[in-house]
1. By counting other Cβ atoms within 10 Å of each Cβ, how are A:S288, A:S73 ranked from fewest to most?
2. Tell me what the protein assembly as shown gives for mean residue ellipticity at 222 nm when only DSSP H runs of n ≥ 4 count, each as -39,500 (n - 2.57), the sum divided by the residue total, rounded to 500 deg cm²/dmol.
3. Using θ = phi - 60° and the Karplus relation 6.51 cos²θ - 1.76 cosθ + 1.60, list the HN-Hα couplings for the range A:58-72 in order, rounded to whole Hz, with x at every Gly or Pro.
4. Excluding B:K40 itself, what net charge comes from residues whose Cβ is under 13 Å from its Cβ, given Lys and Arg +1 and Asp and Glu -1?
5. Take the residue pairs A:K270/B:K118; A:K17/A:K105; A:K131/B:K107; A:K186/A:K266 and return only those whose Cα atoms are more than 31 Å apart.
6. When only Cα pairs under 8 Å and 6 or more residues apart are kept, what is the percent relative contact order across chain A?
7. For the range A:2-283, what number results from the quotient of the Cα radius of gyration and 2.2 N^0.38 Å?
8. Per residue of the range B:142-148, what does 6.51 cos²θ - 1.76 cosθ + 1.60 with θ = phi - 60° give for ³J(HN,Hα)? Whole Hz please, x for Gly and Pro, Karplus curve as stated.
Amino acid sequence: MLLIAGIVPAPDLPLIKGEVKADNSSLIIDGKSIAYAQGTSAMLSSALAVTKHLNIAPPQALLVGDIGSGTGSHFLYRHLIDNIKKISPDVLALHYWMPHLELMKELCSVIKQLDKKPIMIADAASMYTAKAVGLASMFDIFTPDSSEIAFLADADAIHPAYINQHLFSCDISKAPELIQKAYELKGAAKLLLVKGAIDYIATDGKIVATVEEPNVPVLECIGGTGDTITGMVAAFVHAELEPEHAAIISAKANRAAGKMMGVTPKTQVKEIINYYPQVFQENLCSWSGVCIREEIIND
Amino acid sequence: MFWDKVKSRLVGSTDKSKVPTRTAAGSGLILFHVVEDAIKAEKVIKEAGYTCKLVAPPPSLRKGCDLALSINLVEQAIMERLLASSEVPYVGISPLEGTTELLQIVKITSFDNYTMVKAGNMKITFENDTGLIVNTSGGGCPDIPYLNIQLVGKKLSEAVRPKELGFTLCSLMLDRAFEKALSIWEGEK
């Protein structure tokens with residue numbers, strides 16, 4: 001089971017859990033409509049696009065409303081801490097929530113005691129929290145952007161807004177040295193997918209792949225395009241691809257969808273996600289060896 | 001007598017040579033000129049439903065009195081709003097470790113009829129002709145999806161500032177980008 005946990009900007013939404021479904025206007029989880037938007041719903045939407053294409057079990061979602069005050073986030077941590085053993089996901093992807101250091105430590109402690117540790121993925125504030133409590137290396141995949149890799153490489157920083165100025169660069173070309181430093185300081189997960197003008201995939205301190213084409217600079221403007229990459233990575237790992245391959249394919253797919261659509265700075269992330277099925281149909285077989293064959297059987 | 005009362009409420013050791021450990025609240029300090037303000041601030045923040053603890057600030061961060069509030073640094077924006085609205089004076093807010101200044105780097109990128117302004121890891125993109133905010137991106141704080149919904153589709157000149165809407169450091173960074181975007185837009189008009 002792939003479980004994606006995070007908050008959505010719906011202040012009155014209680015904690016909900018269940019299989020992710022979708023219609024034209026929203027995601028449907030536990031009977032509730034969740035608007036397509038930047039954040040965890042974008043992550044869920046992209047993961048669902050992958051599972052639909054591969055015809056495997058859809059992601060399970062654990063969501064709560066929180067507009068940033070942290071109120072809902074506490075329910076999310078607590079539910080995971082109390083129930084992760086029973087849920088027993090194969091892949092656990094943590095996304096937006098209010099960073100809470102003690103609750104993150106408690107959650108990781110519970111997960112360490114499980115008979116079978118899930119493949120653990122973190123992005124956004126979950127990644128910040130894992131690094132801040134010194135438990136980054138317990139995670140299998142982080143998906144930082146070019147600013148967040150500077151944060152992971154800064155021994156003292158507890159938030160990307162407070163990293164040392166000399167580490168920060170809008171230029172993704174600094175990523176290789178920051179990746180190496182993040183691993184040295186134990187601020188990295190086993191695999192890093194650094195999202196930027198060049199996407200870097202690194203394991204154990206070494207860059208194992210880069211993705212540069214197609215180059216679609218406008219994607220940087222569009223809120224949620226990092227969330228979609230992480231959602232795809234989670235779903236491909238759920239489909240038992242090796243994390244490295246999952247990361248490479250996801251980086252390629254996002255770029256290909258952006259190019260196929262002809263994105264502009266005013267494109268919204270859902271419009272890009274709509275192009276994933278076509279991108280997968282045209283490329284996934286050659287990129288990954290995962291080929292969907294349709295057979296017509298005549299009686 | 002008053003100081004004894006205060007000391008009894010400090011977290012952990014009152015040995016001021018020791019740096020306070022990270023608390024559940026976590027990793028940021030509000031610094032004050034006088035002890036009374038620290039006490040008032042604690043009350044205001046707790047009444048608003050947020051976590052904070054009175055601590056002794058480490059020597060490197062001591063700017064005023066010997067009492068500070070430990071907060072979750074990510075919640076800096078809402079803490080600033082609470083203290084401003086209740087008129088509790090404070091010296092500043094600092095991370096417990098690392099650098100003490102928010103990133104100041106702002107970068108501007110042009111795309112045909114659009115401009116993207118990036119402050120730290122936060123980006124805001126507007127349409128040059130209309131000043132319409134067409135996208136926000138970057139950042140992993142929990143108010144980022146909410147800010148995106150609140151800002152996209154509004155004009156820079158009419159939108160509520162991110163620092164007024166948000167709760168976190170990301171909202172402060174996005175506000176810097178917003179402020180720059182607004183000044184560019186007003187300059188172009």
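Just so you know, all these numbers are worked out from the coordinates, no wet-lab data involved. Every value quoted in this text rests on a predicted model; they were computed, and no experiment measured them. Neighbour counts are summed over all protein chains in view; Cβ atoms, including those assigned to glycine, are modelled from backbone coordinates with ideal geometry.
1. A:S288, A:S73
2. Estimated from H runs of four or more residues: -11500 deg cm²/dmol.
3. Whole-Hz 3J(HN,Hα) from phi for the range A:58-72: x, x, 9, 10, 10, 10, 8, x, 6, 8, x, 6, x, 4, x.
4. -3
5. Beyond 31 Å: A:K186/A:K266.
6. Details: 584 pairs, mean separation 53.6, N = 299.
Result for chain A is 18 percent.
7. So the range A:2-283 has a normalised radius of gyration of 0.92.
8. The phi angles translate into x, 8, 5, x, 5, 4, 4 Hz.
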